[in-house]
Amino acid sequence: MTALGTAPPSPVKKAGRWIEEWDPEDEAFWNEKGERIARRNLLFSVLSEHIGFSIWTMWSVLVLFMGPEYGLTPADKFLLTSMVTLVGAVVRVPYTFAVAIFGGRNWTIISAGLLLIPTIAAFTVMEPGTSFGTFLLVGLLAGIGGGNFASSMTNINAFFPLRKKGWALGLNAGGGNIGVPVLQLTGLAVIGASGGPRVLLGIYIPLIVVAATLAALYMDNLASVKNDTGAAVDSAKDAHTWIMSFLYVGTFGSFIGYSFAFGQVLTTQFGRTPLQAAYLTFIGPLLGSLIRPVGGWLADRYGGARITLYNYVGMAAATAVLIFASMQKSLGLFVAVFVVLFVLSGLGNGSTYKMIPGIFQAKAVARGLRGEEAAAYGRRLSGASMGLIGAVGALGGVGINMAFRQSFLSYGSGTGAFVAFLAFYAACFAVTWAVYLRRPAARTTASGTASEAKPQLSYAEV
């Protein structure tokens, strides 16, 4: 907070749209200048991330176009989408730190432009007679679209104050996630018009160019976000980074895994045609994306840990109903509850990501830091940890597709996979409660009296 009568610092810029001074925790600065700049960067970050998600998940739609003439089995298709998900998870780590090296605006331009590579490559090879190995290689290229999420979240995390992070990060991620249903709706329109997969790919090529151009014109770099390899090391050493990674597997891993697999489950287990499947697959990802900012807002208001805990109860209950619907071969119930599961995964995405900056802010306060010093400590470690958490969380999508692949190979249905998912959600519930909501026991000395050296740190409010 600036002193009375003192003007807030100006976001001084240098060549290349770099902002030298940025203090979002200063309310006067935020209200006068900061919020407008942050919201503008958020808008164009969402657009670029949205296109990135679309390219990353395009193979979940392309496989629906690939009929018997392509010579691929259901297991081949699950393997293909699993590998695309895997690359998207792995590249999130370097994408996170690219923001500090190149600047948020600069890296948004670069990462958006890179999306042309997998899109043009898929446009070139998408025809019957192409080998599975070629499809797999081109599919791996599409994985780079998954990295846009990590760099975008790291960038936007630096623009907003702690009190606004849940909403901002939820909106940023939700706007990106909605690239999944938008791609599926576009695919539905193309299939319905009897167009080929190349028509779908051709639509996205100019959109990529537009996203990169708008980022160049309207986004900014923050000079305060400097390359700090120590932050990466420190975040990797912190147990909370890996605990939150585990929880994020349950939320985002579910969202992206189900997004890739839903259409294939409908065609393989319930005998739906590609067009019939496409009419249904977009609903869950759409609602799951739209609800993500609500998850962040609820976490801002009631605490991310509480919302996450209750959310896992809902996800477990929905999965139990899916097991019943799968065994009864009830398509209506199966689709309805799968959509509910998508919604809950989106809600949990927002609440878990809100927890990350809150946890590191709480650790800063516990270390005796206050004010901007505490905020800087929290931004430094939360920004670095987001890449690792996002990468590990996305690996959950790989696990879901591989679980479905094995379940169909072993049992001819997805029931076995859903049983495994139910057990995992129960474990996520237990970890959330034990680490972030259970009241810490009073520390005692060897004589059994309460220690006054240092209080236990509670994360119940994160």
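The values are calculated or read from the model by the stated rules, or taken from the named source; none is laboratory data. These figures come from a predicted structure and were not determined experimentally. Don't worry about glycine lacking a Cβ; one is built from the backbone with ideal geometry, like all the others, and counts go over all protein chains shown. The accessibility values were calculated without ligands, DNA or RNA, using every heavy atom of the protein model including side chains. Shrake-Rupley method; radii C 1.70, N 1.55, O 1.52, S 1.80 Å.
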Next item on the list: May I ask you to work out the translational diffusion coefficient for the stretch 218-299 at 25 °C, viscosity 0.890 mPa s, via Stokes-Einstein with Rh from the Kirkwood sum over Cα pairs, reported in whole µm²/s?
Entry: 150
Checklist line | Dipole magnitude (debye, nearest 20) for the chain, charges at Cβ of Lys, Arg, Asp, Glu | finding: 460
Check: Once phi is turned into θ = phi - 60°, what whole-Hz ³J(HN,Hα) does the Karplus curve with 6.51, -1.76 and 1.60 give for every residue of the stretch 396-412, x standing for Gly and Pro?
Finding: x, x, 5, x, 5, 5, 5, 5, 5, 4, 5, 5, 5, 5, 8, 10, x
Checklist line | Sequence-distant residues sharing a close amide H with LEU222 (under 5 Å, placed H) | finding: ILE19, GLY104, ARG105
Note to self: Suppose R0 equals 25 Å. What FRET efficiency, 1/(1 + (r/R0)^6) with r the Cβ-Cβ distance, do ARG163 and ALA320 give to the nearest 0.05?
What the structure shows: 0.10
Item checked: For the stretch 89-248: relative contact order, % (alpha-carbon pairs under 8 angstrom, 6 or more apart) -> 39
Next item on the list: Report the full-extension gain for the segment ILE110 to TYR411: residue separation times 0.36 nm, less the Cα-Cα distance, to one decimal in nm.
Entry: 103.9 nm
Next item on the list: With the full set of protein chains in place, find how many percent of the accessible area of the chain is carbon and sulfur; take the probe as 1.4 Å.
Entry: 66
Next item on the list: Alpha carbons only, please: Rg and Dmax for the stretch 105-176, in angstrom.
Entry: 16.4, 55
Checklist line | Distribution of pairwise C-alpha distances over the chain, 10 Å bins, in % | finding: 4, 22, 30, 24, 13, 5, 1, 0
Next item on the list: Report relative contact order for the chain in percent, whole number only (criteria: Cα-Cα under 8 Å, sequence separation at least 6).
Entry: 23
Next item on the list: Run through every distinct alpha carbon pair of the stretch 177-223 and return the Kirkwood hydrodynamic radius in angstroms, one decimal place.
Entry: 12.4
Item checked: Protection proxy ranking of 393-400, 21-28, 261-268 - average other beta-carbon atoms within 10 Å, highest first -> 393-400, 261-268, 21-28
Margin query: Step by step: find N for the stretch 248-290, compute 2.2 N^0.38 Å, then divide the Cα radius of gyration by it. What's the final number?
Written below: 1.19
Next item on the list: Mind jotting down a quarter of the surface of the convex hull over the alpha carbons of the stretch 292-448, in square nanometres, one decimal?
Entry: 12.3
Check: Between ILE120 and LEU72, what FRET efficiency comes out of the Förster formula 1/(1 + (r/R0)^6) with R0 = 22 Å and r the beta carbon distance, rounded to 0.05?
Finding: 0.50
Next item on the list: Filter the trypsin sites (Lys or Arg not before Pro) in the stretch 148-244 down to the DSSP loop ones having no more than 10 other Cβ atoms within 10 Å, then list what survives.
Entry: LYS226
